[in-house]
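So the structure is just underneath, and the comments pick up after that.
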Amino acid sequence: MTVSIELVPGRCEGHAVCEAIAPEVFQVDDDGLVQLLPGGDQDDATALAAVRSCPVAALRATS
């Protein structure tokens, strides 16, 4: 199953939990907002765990 990770506009508060869990997929920029990194494996179980760990639900995994 292919999974896509989406950013929910206006939700990110820059906690960086996702980046701490999956730094190859997520990066918090200088403005404190999460960005998806190109080439990161969004289907990886670690990336999906990072999505679920966001304290403000700023990320969503869809299939």
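The values are calculated or read from the model by the stated rules, or taken from the named source; none is laboratory data. All values reported here derive from a predicted model rather than from experimental measurement. Because the Cβ atoms are built from the backbone with ideal geometry, glycine has one as well, and the counts that use them run over all protein chains shown. Just so you know, the surface numbers come from the protein's heavy atoms only, side chains and all, with ligands and any DNA or RNA stripped out. Shrake-Rupley method; radii C 1.70, N 1.55, O 1.52, S 1.80 Å.
Cβ separations smaller than 9 Å between residues 6+ apart or across chains give the following pairs from the stretch 38-49 residues that are β-branched (Val, Ile, Thr) to residues that are open to solvent by less than 50 Å² (accessible area, probe 1.4 Å): Thr46/Ala22; Thr46/Val25.
Exactly one residue out of Ala20, Ala58 is touching a Lys or Arg at 6+ places or on another chain (Cβ under 7 Å) and surrounded by 11 or more Cβ atoms within 10 Å (Cβ to Cβ), and it is Ala58. Note on the stretch 31-63: among residues that are hydrophobic (A, V, I, L, M, F, W, C) and assigned to a helix (DSSP H, G or I), the one that is farthest from Glu13 (Cα to Cα) is Ala45. If the condition is being closer than 12 Å to Val51 by Cα, modelled with pLDDT under 95 and not in a strand (DSSP E or B), then the stretch 3-21 contributes only Val3.
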